[in-house]
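The values are calculated or read from the model by the stated rules, or taken from the named source; none is laboratory data. Just so we're clear, the structure is a prediction, and the values are computed from it rather than from any experiment. Cβ: placed from backbone, ideal geometry, glycine included. Neighbour counts: every protein chain shown. Quick note on the areas: whole protein, heavy atoms, side chains included, nothing else; ligands and nucleic acids left out. Shrake-Rupley method; radii C 1.70, N 1.55, O 1.52, S 1.80 Å.
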Amino acid sequence: MHKRPAADSTAKTAARSRGPATKASATKASATKAKPRAPFSARADLAVPARRPNQAEIAYQRLKAAIVTLVIAPNTPLNEAMICDELGLGRTPVHQACHRLALEGLVQIVPRKGMLVPPLSMDDFLDLVGARRINEPACTALAAERMTDDEIRTLAAIVTDSRRLPRDDLGALIALDQRFHEAIALGSRNRVLAGFVTNLNDRSARFWALSLSNEAHRAETIDEHERIVTALKRRDADRAAQAMRDHIDSFSRTFTQLA
């Protein structure tokens, strides 16, 4: 059966959710245009789900991309009605996306005040680095023993793609960085540990956006990823764990210098 393109389907779904145009809705739309708009047009999607995404997934991916790449700055208030208007989606999927992001620590729900993009604090940064330094090397050591050759080749391809990116494509670089770390987490074959490490990396992504904006650190990060892949290819669990630990320490030093 011939399938319609996802973008066409999404547009029609969004149109149905808005219903027929009426005088009241036209007035509401006119009023909405006067509100400040979130800069989603400057976003870079961080991930592309393998299956066709539903509206809640679309809202989640676009909001996450804008928050993680700092297009929506820390301490920015979020309004569901404004987000619905910007994305052309209904209130329910946007509400679901915001709560999902809140669970990941990327949105803060303030009682009786609404939602806020959390500030970037040094205390949060140090907590995240400390947690990553304990868990991610252990995850990488397991991956050295359990990843398939094809999975390691996929990691190597991510490193190659990272080197080919234009210097100003920060969103795409963060996307590849997250894919790299997520692939290693999944390669550990420990679902609990992988889930924990993935959540830590999601929470760290906004700090990555700042450190990776430094061109020298960007090149350093890609080289560190390559050293991790080399250790994984050799099935050297100790060296892989140390390479990941060095990678986290490098990130910590760079961010501390930039902060």
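Assorted remarks:
- Scaled against 2.2 N^0.38 Å for its residue count N, the alpha carbon radius of gyration of the range 110-178 is 1.57.
- In terms of packing, defined here as the mean over residues of other Cβ atoms within 10 angstrom, the peptides 184-193, 115-124, 133-142 line up highest first as 133-142, 184-193, 115-124.
- Cα-based Rg / Dmax (Å) for the range 113-233: 14.8, 51
- Dimensions (Å) - the range 168-259, Cα atoms, principal axes, largest first: 33, 24, 23
- Using θ = phi - 60° and Karplus 6.51 cos²θ - 1.76 cosθ + 1.60, couplings along the range 76-85 (whole Hz; Gly, Pro as x): 7, x, 10, 10, 4, 5, 5, 5, 4, 5
- Trypsin sites (Lys or Arg not before Pro) within the range 138-168, DSSP loop, no more than 11 other Cβ atoms inside 10 Å: R167
- Nonpolar atom fraction for the range 113-155, defined as the carbon and sulfur part of the 1.4 Å probe accessible area, stands at 53 percent.
- Theoretical gain in end-to-end length, A102 to N135 [0.36 nm per residue, Cα-Cα removed]: 9.6 nm
- Per-residue ³J(HN,Hα) for the range 142-149, Karplus 6.51 cos²θ - 1.76 cosθ + 1.60, θ = phi - 60°, Hz, x for Gly and Pro: 5, 4, 4, 8, 10, 5, 7, 4
- Mean shadow area of the range 204-250 over all directions, Cα convex hull, nm²: 3.2 nm²
- Computed over the Cα atoms of the range 66-120, the ratio of the radius of gyration to the Kirkwood radius (Rg/Rh) comes to 0.93.
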